Structures are given as structure tokens and as C-alpha cells.
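K.L.:
Provided herewith is a single structure, encoded as C-alpha cells, for subsequent inquiry.
Readers should treat all values here as calculations from the given coordinates under stated rules, not as data from a laboratory. Computed from a predicted structure; not experimentally measured. Cβ coordinates were reconstructed from backbone atoms using ideal geometry, including for glycine residues, and neighbour counts include every protein chain displayed.
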Amino acid sequence: MDTTLWGTILFVSIVSMTPGPNNLLLAASGANYGFFRTLPHMCGVIVGFAIMVVASGFGLGMILNEFPQVILPLKIMSVSFLMYLSWRVATGGAHVVDGKSQPLTFLPAVLFQTINPKGISFLLSIMGAQVSDAQPLFPQLIPLFILLPAFTVLSAVTWTMFGTAIGKLMQSQGAFRVFNLIMASLLVACAIPIAFS
């Protein structure tokens, strides 16, 4: 394995495991609903990100360069959805008195990947660094098509388990409310750079 791919593995592992919208949402869901009720959300993240990996490999970056006017609507949708998810986390959770709160389901989690700015910028960076016009495309993409979804699974499981462990430590309604407000605030913090970039 060449040094470039080792560098890519290191970069992918760092970016995948650090806090971002997906990881924060999975941790919040794990804490409030538990690991198994978060599985549809996890699967949506994994499938949605895999779709974006394939799209990036086959020219998403070129499309965005060719049609830069789509970037602003993507930003608006991304910030709007992040604010909605922040509100859901802040006001929801399995421990809310009305009992109506539900975890994020498969399809919304898949769709969020198409407007998740951290994921898109990460994929475009990786593809730009790893894919060369001087070589056949598909052999260059195969390692990335394996590596990126694998780290997505690892990250999703880790953050959901982390949230589940925190949920088991919290013993009161007040503790869950504080935790949810903190997670919602972190999601808002993720949205701010997007809004002003």
C-alpha cells in the first residue's frame, strides 16, 4: 500500500470520528432512544453516505464546478435542516413527558447526506487528492468505495454506542434535557460556518 493511501486512511479516520452533524445526531439518538431504536438512523447515514461516495467518484465535484448556482440552495437547505434537527434534539427525546418523540428514521437520514456540507466537502477533498486524470478511473475508486463506507460504519456505531452509554448514566429528566440542549447547541454551531461561508 503506497504512502498516499496510508495518508488517506489517516485523514479519513480523523474526519470520520470527529464531531459533525451525523455523529452528534447519532450520539443524541443513542442517549435518548438506545442503540437498537437508532439503527434505522444509523443505516440511513451509512447508505446515504455510500451513495454520496459513488456520486463523488463519478463527477459530483465537476457538476458543482459547472453549475455553481446550486451551491447556495444547498447551503440554505443544509442550514434549514440542521436548525430543524437542532430543534428536534432540544425539544425531543424518549424522556419528554408527552412521549411523542421518535428517533430519526431511515429516509430522512439518507436524504440529509445529500446536503451535509461536512460530508460533501470531505468527499470532494478525498476524490481530488486520490483520483488522477492520468490513470484509469475505476481502479482508483475501488479502494475509496471500500474504505469510506467502512469508516462510516465504524463512526456511526461508535458514536451511537457512546450516546447509548451516556444515556444509561443519566438518571433524571433534567439530565436528559441538559444533554439534549448541549447537543442541539453543537448542531447549531455546525450550521453557523455554513451560513456565513
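K.L.:
Summing Lys, Arg as +1 and Asp, Glu as -1, what charge do residues with Cβ under 13 Å from the Cβ of Met183 carry, Met183 excluded? Present the calculation step by step, with values, prior to reporting the outcome.
P.N.:
Values: positive: Arg88, Arg177; negative: none.
That works out to +2.
K.L.:
Just report the Cα centroid separation between the stretch 151-197 and the stretch 9-52, whole Å.
P.N.:
A separation of 10 Å, based on Cα centres.
K.L.:
Would you mind estimating how fast the stretch 1-152 diffuses translationally, via Stokes-Einstein at 10 °C and 1.306 mPa s with the Kirkwood radius over Cα pairs, in µm²/s?
P.N.:
Working: Rh = 16.7 Å.
In µm²/s, the coefficient is 95.
K.L.:
For each of Tyr84, Tyr33, count neighbouring Cβ atoms within 10 Å of the residue's Cβ, then give the residues from fewest to most. Don't jump to the answer; show the numbers that get you there.
P.N.:
Values: Tyr84 12, Tyr33 24.
With the sparsest Cβ surroundings first, the list reads Tyr84, Tyr33.
K.L.:
Pairs of alpha-carbon atoms within less than 8 angstrom and 6+ residues apart define the contacts here; what relative contact order does the stretch 40-197 have, in percent? Could the numbers behind the result be given before it?
P.N.:
Values: 126 pairs, mean separation 70.9, N = 158.
Relative contact order, the stretch 40-197: 45 percent.
K.L.:
Give me a comma-separated list of calculated 3J(HN,Hα) values for the stretch 163-169, in order, Karplus coefficients 6.51, -1.76, 1.60 applied at θ = phi - 60°, integers in Hz, x for any Gly or Pro.
P.N.:
Karplus-based 3J(HN,Hα) across the stretch 163-169 equals x, 4, 5, 5, x, 6, 7 Hz.
K.L.:
What is the angle, in °, between the Cα long axis of helix 173-195 and the longest principal axis of the Cα atoms in the chain? Nearest 10 is fine, range 0 to 90.
P.N.:
30
K.L.:
Return one number: the angle in degrees, 0 to 90 and rounded to the nearest 10, between the long axis of the Cα atoms of helix 3-17 and the longest principal axis of the Cα atoms of the chain.
P.N.:
Between helix and principal axis, roughly 20 degrees.
K.L.:
Right, another one. Could you sort the peptides 111-117, 126-132, 183-189 by per-residue average Cβ neighbour count (10 Å cutoff), highest mean leading? It would help to have the intermediate numbers written out before the result.
P.N.:
Values: 111-117: 20.6, 126-132: 15.1, 183-189: 18.9.
The peptides rank, most packed first, as 111-117, 183-189, 126-132.
K.L.:
Can you put Arg88, Arg177 in order, fewest other beta carbons within 10 Å first?
P.N.:
Details: Arg88 19, Arg177 16.
Lowest count first: Arg177, Arg88.
K.L.:
Separate question: Taking the beta-carbon count within 10 Å as an exposure proxy, list Lys118, Lys168 from fewest neighbours to most. Numbers along the way, then the final one.
P.N.:
Working: Lys118 18, Lys168 11.
Fewest to most other Cβ atoms nearby, the residues stand as Lys168, Lys118.
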